[in-house]
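Worksheet: the structure to be examined is printed underneath.
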């Protein structure tokens, strides 16, 4: 027994068919909001640091010699894995601030010493910061904040140099 042609076959092939909008609606209603909820956002923090330069610009004359006498002393704060060290140019004594316990730095004592150095060197606005590569980033940020809160607006970031030699 043969059946007659279906209704779909009887329609002409040139008639437009209605598009299936269900997959597009699923895309906009379900998939895109789901992707937006699992998207990871990146937060950036900017720290203003001054990297060391190789050579300083110059001018010369009698004014330069007068300025050299009034130049502030270089203050260097070294961040080491077990302590802070503060070195002042021209003073041989190094201020050492040991950790309170393993992994806990004494920021209060560091703040007092930096404030005392600022009182003694009022015209100094720059402090050199020399962090050890193993020191945590949080320690570096807290040290920078302490220096800036004690009117050292310019932080000069020093890097420890390591030289490698090839054996012959």
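The values are calculated or read from the model by the stated rules, or taken from the named source; none is laboratory data. The shown structure was predicted, so the numbers you read here are calculated from the model rather than taken from an experiment. Note that we place each Cβ from the backbone using ideal geometry, even for glycine, and neighbour counts take in every protein chain shown.
Taken over the range 46-68, the criterion of being out of contact with any strand residue (DSSP E or B) (no Cβ under 9 Å at 6 or more places or on another chain) and either under 19 Å from residue 117 (Cα atoms) or modelled with pLDDT of 70 or more (or both) is satisfied by 46 alone.
Conditions (1) in contact (Cβ under 8 Å) with a residue 60 or more places away in the chain; (2) surrounded by 12 or more Cβ atoms within 10 Å (Cβ to Cβ), marked per residue:
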{"residue": "76", "(1), (2)": "yes, yes"}
{"residue": "84", "(1), (2)": "no, yes"}
{"residue": "94", "(1), (2)": "no, no"}
{"residue": "101", "(1), (2)": "no, no"}
{"residue": "106", "(1), (2)": "no, yes"}
{"residue": "112", "(1), (2)": "no, yes"}
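Screening the range 84-168 for strands (runs of 3 or more DSSP E) wholly inside it with 1 or more residues that are within 20 Å of residue 50 (Cα to Cα) and at pLDDT 90 or above returns the ranges 126-131.
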